[in-house]
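Since the structure comes first, as structure tokens, the remarks are kept for the end.
Here, each number is a calculation from the coordinates, and none is a lab measurement. Quantities reported herein were computed from a predicted structural model and do not represent experimental measurements. Quick reminder, even Gly has a Cβ in these numbers, built from the backbone with ideal geometry, and neighbours come from all protein chains shown.
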Amino acid sequence: MPFEIRRRVVHASGAVVPGAYLLDAHYGVGLVTWQAVQALAVVGLVVTALLEAARLYGGLEHAIYEQLTREYEQDSVAGYALYVLSSTVVVLAFRPQIAVPALFMLMLADPVGGILSSGELRAIARPRVLVGMFLVSFALAYPFVPPLAAAAGAFGAMVADGVKPTIRGWVVDDNLTIPILAAVLMWATLSL
């Protein structure tokens, strides 16, 4: 399986956790509560931090890193760690109505944006990528929040995915910014 497809499959696999929460909430089983999702996120963040520290400073080498990290991630925090960090922040800071669609924007819409961009790294994405990211993100948020809040969240996800700011030579990874910006904008819209 080609490198980018493997990355996108792993990216999308994160949707299993919020998806399980939604199924559990719908059927009322009580196994995958929001508190369980929060606890899993914190445990995942601790494990990820330990793995990244071992990879960056302890010489940990594993075939998974070779298969799923990009060249520029070899000597810096990898995208998967930023993905886990931002997911944990959103899960802890926002209620499920906002957190779940924000997570889906990271886990499901971002891979679609990546496919539409054809692997190009541009400071500002092409219009088809921006529009695609907005539409998929809006569709993912619409079942959870009113249309204006869904549009605000989708706009945040689109900007986070489509605009790549550089700070001191470090490109801000959208795995860090997509769910946080989307959640903040949905929350702000709902608060108004």
Radius, Kirkwood style, for the stretch 97-140 when every pair of distinct Cα atoms is counted (Å): 10.6 Å
Against the rule of thumb 2.2 N^0.38 Å, how large the Cα Rg of the stretch 3-191 comes out: 1.01
Using θ = phi - 60° and Karplus 6.51 cos²θ - 1.76 cosθ + 1.60, couplings along the stretch 103-116 (whole Hz; Gly, Pro as x): 5, 4, 5, 6, 7, 10, 6, 4, x, 5, x, x, 5, 5
Which of A102, L45, A12, positive extreme of dipole for the chain (C-beta unit charges): A102
Net charge dipole size for the chain [Lys, Arg +1 and Asp, Glu -1 on Cβ; Debye, nearest 20]: 380 debye
Ordering of 82-91, 134-143, 39-48, 11-20 by burial proxy (mean other Cβ atoms within 10 Å per residue, highest first): 82-91, 134-143, 11-20, 39-48
³J(HN,Hα), Karplus 6.51/-1.76/1.60, whole Hz, each residue of the stretch 147-155, x for Gly, Pro: x, 5, 5, 4, 5, 5, x, 5, 4
J(HN,Hα) series, the stretch 186-192, from Karplus relation 6.51 cos²θ - 1.76 cosθ + 1.60, nearest Hz, glycine and proline x: 5, 4, 4, 5, 5, 6, 6
Cα-based convex hull, the stretch 1-52, per residue volume (Å³, whole number): 84 Å³
Given the chain, longest segment not containing exposed loop GluC sites (Glu not before Pro) (DSSP; at most 12 other Cβ within 10 Å): 121-192
